[in-house]
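Here the structure comes first, spelled out in structure tokens, and everything after it is commentary.
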Amino acid sequence: MHGSRLGSLVIDCQTDDLAAAAEFWAQALGYEVGDATGPYVDLVGPDGEVKVLVQKVEHEARVHLDIETDDQEAEASRLEALGAKR
């Protein structure tokens, strides 16, 4: 069977100032602002906790989970069997 796990929690921010949004969320969560790559900024928290990213987006702000898997099709099929829509 393939393996899957929660990869990261992504905080989508509709903003023109991603650095300020990342600083806000870092302070709100007690994390540090990490590296910025494109539309993403890593937030650095305690070891062993899920990875948190702040992402600049054009749509309304929201939070989403990224699931990592070694077999994307098998994972999509598994989740659809649980009732997810593709």
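Every read-out reported here was derived from the displayed coordinates using simple, explicitly stated rules and does not represent laboratory data. This structure is a prediction, so every number in the text was calculated from the model and none was measured. Quick reminder, even Gly has a Cβ in these numbers, built from the backbone with ideal geometry, and neighbours come from all protein chains shown.
Computed about the Cα centre, the dipole magnitude for the chain is approximately 320 debye when only Lys and Arg (+1) and Asp and Glu (-1) carry charge, each at its Cβ.
The residues packed around residue 67, meaning those with a beta-carbon under 9 Å from its beta-carbon, carry a net charge of -2 if Lys and Arg are +1 and Asp and Glu are -1. Axis of helix 72-81 versus longest Cα principal axis of the chain: the two differ by about 70°, to the nearest ten degrees. Length gained on full extension, residue 75 to residue 16, computed as 0.36 nm times the residue gap minus the Cα-Cα distance: 17.8 nm. Using the average count of surrounding beta-carbon atoms within 10 Å as a protection proxy, the listed peptides 69-76, 15-22 rank, highest first, as 15-22, 69-76. Over the chain, Cα pairs under 8 Å with separation of 6+ residues give a relative contact order of 41 percent. Taking Cα atoms, how many degrees apart are the long axis of helix 18-29 and the longest axis of the chain, rounded to 10 and kept between 0 and 90? The answer is roughly 80 degrees. Give, as a single signed number, the net charge of other residues whose beta carbon lies under 13 Å from the beta carbon of residue 10, with Lys and Arg counted +1 and Asp and Glu -1. For residues surrounding residue 10, the net value is -1. Per residue of the chain, the DSSP helices (runs of n ≥ 4 H) give a summed -39500 (n - 2.57) that works out to -7500 deg cm²/dmol at 222 nm. Maximal additional length on extending the residue 6-residue 60 stretch stands at 17.1 nm, based on 0.36 nm per residue less the C-alpha distance.
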